[in-house]
Amino acid sequence: MTEVTVSEEKKRELFTFLLKSRRLEEKLIDMITRGEIAGWLHPSLGGEAVGVGVTGALKPKDYINNTHRGRPIIVTRGVPLKRFLLEVLGKKGGPCCGIAGEMHYADIEYGILGTQGMVGANIPLSVGFALACQIKNSGQVVVSYFGDGAVDEGNFHESVNMASVWKLPIVFAVENNRWAQFIPQIFTAAQPDIWRKAEGYNMPGQLVDGTNVLEVYRAAFEAVDRARRGEGPTLLECRFNRWLGHYVGDPQKYRDRKDIEAACQVDPVTKFREQLFAEHLLTAETVEKLEQAIKAEIEDAVDSARCSPPADPKTVFDNIYV
């Protein structure tokens with residue numbers, strides 16, 4: 001297998017997405033902690049390299065489903081932050097008219113399929129999109145993106161089997177943060193190595209370092225290219241150790257403090273920044289300018305969304321057909 005060449009421009013772009021994802025996440029955590037965002041926020045801190053690397057391997061016409069930790073996906077797809085924050089703050093100018101909010105964000109204009117309320121429910125829907133792409137011969141690829149907890153659902157096994165039998169243009173990307181909600185795979189699965197499950201469905205499976213954005217990008221690029229050639233799906237397990245709990249405010253009583261401390265020592269943003277410093281592709285000055293630009297963009301988007309008209313409660317049942 002030939003290693004995917006990553007240009008200098010692409011490396012800088014991936015770093016920008018990593019940094020923007022991190023700063024946006026920090027802002028959202030602050031806002032929900034202060035009660036400005038209703039509902040739940042499932043933090044993605046420490047796992048940004050997976051969403052950025054996988055999404056960065058797609059073409060604009062391709063599809064990827066959002067998740068409840070999907071801000072890196074949204075950022076990398078190029079969704080304007082104001083557009084996203086309108087939905088987060090329940091404003092009618094959002095792509096779902098402020099009804100979906102952050103957790104169920106969907107934005108078909110940017111190829112982002114919605115997040116479902118049931119764990120693993122997005123997987124068969126993504127397979128359906130891939131089947132449509134195959135029937136239309138559109139050349140599009142779908143990424144079905146989900147966490148390690150979803151692998152224990154029957155939806156996963158039925159979907160990957162059908163996708164493999166029909167050689168659908170889809171990639172199954174598992175963001176394995178080791179804890180699902182509150183328990184690791186070793187307690188729920190006889191085979192805790194998710195990537196090995198691919199063998200049972202006659203498709204390639206690969207374990208990827210989920211803290212290394214270039215490794216994720218290269219693995220995803222190869223899998224997407226394979227799917228686009230009509231050779232069928234690939235299962236990628238992108239593994240890392242999440243920093244925070246399942247949701248903001250989760251006390252994590254199920255987890256050893258030393259494990260949390262060790263997880264926070266592995267930072268995908270710092271890791272890639274230092275690599276680009278060593279390759280002379282970034283300087284401290286350029287990073288500082290980027291930080292300032294990202295901060296200004298986020299604050300402008302938040303301020304603009306705050307001042308926008310709220311969602312109309314009368315529309316809450318619109319577009320419901322089941």
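Among the candidates E158, E153, E199, the residue that is surrounded by 16 or more Cβ atoms within 10 Å (Cβ to Cβ) and among the charged types (D, E, K, R) is uniquely E153. Here I29 clears all of (1) surrounded by 19 or more Cβ atoms within 10 Å (Cβ to Cβ); (2) over 15 Å from the mean Cα position of the chain (by Cα) except the condition numbered (1).
Among residues of the range 50-78 that are at negative phi and modelled with pLDDT of 95 or more, those with a beta-carbon under 7 Å from a residue that is acidic (D, E) and part of a strand (DSSP E or B) at least six positions away or on a different chain give the pairs V50/E175.
Scan the range 1-48 for residues that are farther than 14 Å from L81 by Cβ, charged (D, E, K, R) and in contact with a Pro (Cβ under 9 Å, 6 or more places away or on another chain) and the total you get is 1. Each residue in the range 181-219 was checked for being more than 17 Å from the chain's Cα centre (by Cα), part of a loop (DSSP other than H, G, I, E, B) and not hydrophobic (A, V, I, L, M, F, W, C), and 7 pass. Of all residues in the range 144-180, exactly one satisfies the criterion of being in a loop (DSSP other than H, G, I, E, B), under 24 Å from D259 (Cα atoms) and touching a helix residue (DSSP H, G or I) at 6+ places or on another chain (Cβ under 6 Å), namely A180. Residues that are part of a loop (DSSP other than H, G, I, E, B) and surrounded by 14 or more Cβ atoms within 10 Å (Cβ to Cβ) within the range 250-276 comprise D250, Q252, R255, V266, D267, listed in sequence order.
The values are calculated or read from the model by the stated rules, or taken from the named source; none is laboratory data. None of the values given here were measured: they were computed from a predicted structure. Here the Cβ is made from the backbone with ideal geometry for all residues, glycine too, and neighbour counts use every protein chain on show.
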